[in-house]
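The values are calculated or read from the model by the stated rules, or taken from the named source; none is laboratory data. From a predicted model like this one, the values you see are computed outputs, not experimental measurements. As a convention, Cβ positions derive from the backbone with ideal geometry for all residues, glycine included, and neighbour counts pool all protein chains shown. Accessible surface areas use protein heavy atoms only, side chains included; no ligands, DNA or RNA. Shrake-Rupley method; radii C 1.70, N 1.55, O 1.52, S 1.80 Å.
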Amino acid sequence: EKGGYDYFMLKEIAEQPKAVADTLLGRIGTDGRLTLDELRIPDQVLREIDKVVIVACGTAFHAGMIAKYAIEHWTRIPCEVEVASEFRYRDPIMDDRTLVVAISQSGETMDTLMALRHAREQGAKVLAICNTNGSTIPRESDAVLYTHAGPEVAVASTKAFLTQLVACYLVALYLGQVRGTKWGDEIFGIIRELGDMPKHVEEVLGTMEPVRELARSLADARSVLFLGRHVGFPVALEGALKLKELAYMHAEGFAAGELKHGPIALIEDGLPVVVVVPSPRGRSILHDKIVSNIQEIRARGARTIVIAEEGDEAVVPYADHLIRIPATPTLLQPLVSTVPLQVFACELATAKGHEVDQPRNLAKSVTVE
Ligand code: F6R
């Protein structure tokens, strides 16, 4: 049942290229436009949406954070994202022109379910992004976009996360398509590039041996920090979450620009710091800023583990360990940059002797508030 792998988590990490491909399947038409007939929310309604609110928990929340960057950039619709357990308690502002997107692998997470019920009571339209057919969250939503990751058994979410990202990109691009925003050409280019992502995820998986080796060498580290900017920030949070839940180790993710506002005090000799570097093409200002962040932490003794695009030479002098990922459009990078972090956490936890499929104190679906 584990298909020759020692753990479900390893099997599910390996299944990611297929999971991503399956989630795209049938949704990109031969004319290069998206067809999301299953959405069931009429295009006319989608054209009138004036706010998107994303609610989710844990890893799914990180997918939602990334979705916000994509939705606002590609559609210019204001987008908020919030952990579901906080959402309804602050009396959030919604009406019938609000699209609430509830992201959940299991479709049974109680906090997310309660958030969407609250949203519907306020008259908002709710779209579920879900991996489990017929589960409660899609049943109670106005529409659902299923991710096709297949059953995810390991408690730590991996392939479901990547497919949640794909679904979020599809929603963002579809909103852009029906609304015909000024980003039209960019949107069609991105739809094409999305089709190449399964291949890029496969490429990353083929280069993970040095990451495993590095993870084993860090089994005795007391703490690991993760830094990112832009969509690399939620990826940093996701890398830290995986390490906490699997290796029971102190790990924290930060927006790299926040370093100087406090966390830089944590940097001490030998502290491993993973940095997710945005593409040097695209928004190059972001790239330059993070290169100086890497210099700053290295000057204070950090052991830098740098995840950077193929061909990015600027980071080489400051990387104690360099993990290469394929070049992709900036907003799509999380589909490849997350993968080494999953492998890293899984291997480090295994090296510490932990059971990665069933971490202590955690359940696969959290059906209590
Ligand atoms: C972490 C993890 C959890 C879930 C969260 C939401 O690896 O799996 O953080 O992402 O409990 O679960 P779903 O997506 O089922 O609502």
Qualifying residue in the stretch 50-66 (condition: of a type in the set (Gly, Ala, Ser), under 22 Å from His148 (Cβ atoms), at pLDDT 95 or above and not in a helix (DSSP H, G or I)): yes
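Results for (1) surrounded by fewer than 17 Cβ atoms within 10 Å (Cβ to Cβ); (2) under 19 Å from Leu227 (Cβ atoms); (3) modelled with pLDDT under 95, shown as yes or no for each residue.
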position: Ser284; (1), (2), (3): yes, yes, yes
position: Ile323; (1), (2), (3): no, yes, no
position: Pro326; (1), (2), (3): no, no, no
position: Leu341; (1), (2), (3): no, yes, no
Single residue of the stretch 117-158 satisfying the filter (in a helix (DSSP H, G or I) and within 11 Å of the ligand (Cβ to nearest atom)) that is most open to solvent (accessible area, probe 1.4 Å): Thr136
Top-ranked residue of the stretch 97-113 - restricted to ones that are surrounded by fewer than 20 Cβ atoms within 10 Å (Cβ to Cβ) and in contact with a helix residue (DSSP H, G or I) (Cβ under 6 Å, 6 or more places away or on another chain), ranked as nearest to Val155 (Cα to Cα): Glu108
Residue match in the stretch 299-317 (condition: within 16 Å of the ligand (Cβ to nearest atom) and open to solvent by 70 Å² or more (accessible area, probe 1.4 Å)): no
Cβ-Cβ under 9 Å pairs, at least 6 apart or on other chains, the stretch 16-38 side under 16 Å from Tyr174 (Cβ atoms) and open to solvent by 10 Å² or more (accessible area, probe 1.4 Å), far side part of a helix (DSSP H, G or I) and basic (Lys, Arg): Ile28/Arg192; Gly32/Arg192
Residue within the stretch 192-199 that is open to solvent by 40 Å² or more (accessible area, probe 1.4 Å) and farther than 30 Å from Thr35 by Cα present: no
Residue under evaluation Ile307, criteria (1) over 30 Å from Glu86 (Cβ atoms); (2) of a type in the set (Val, Ile, Thr); (3) assigned to a strand (DSSP E or B), criterion not met: (1)
Arg88 buried (at least 18 other Cβ atoms within 10 Å of the Cβ), among the charged types (D, E, K, R) and modelled with pLDDT under 95: yes
Tally of residues being within 16 Å of the ligand (Cβ to nearest atom), open to solvent by 20 Å² or more (accessible area, probe 1.4 Å) and part of a strand (DSSP E or B) across the stretch 207-266: 1
Meets criteria (within 18 Å of the chain's Cα centre (by Cα), without any contact (Cβ under 8 Å) to a residue 60 or more places away in the chain, away from the ligand (no atom under 14 Å from the Cβ) and open to solvent by less than 10 Å² (accessible area, probe 1.4 Å)) for Cys79: yes
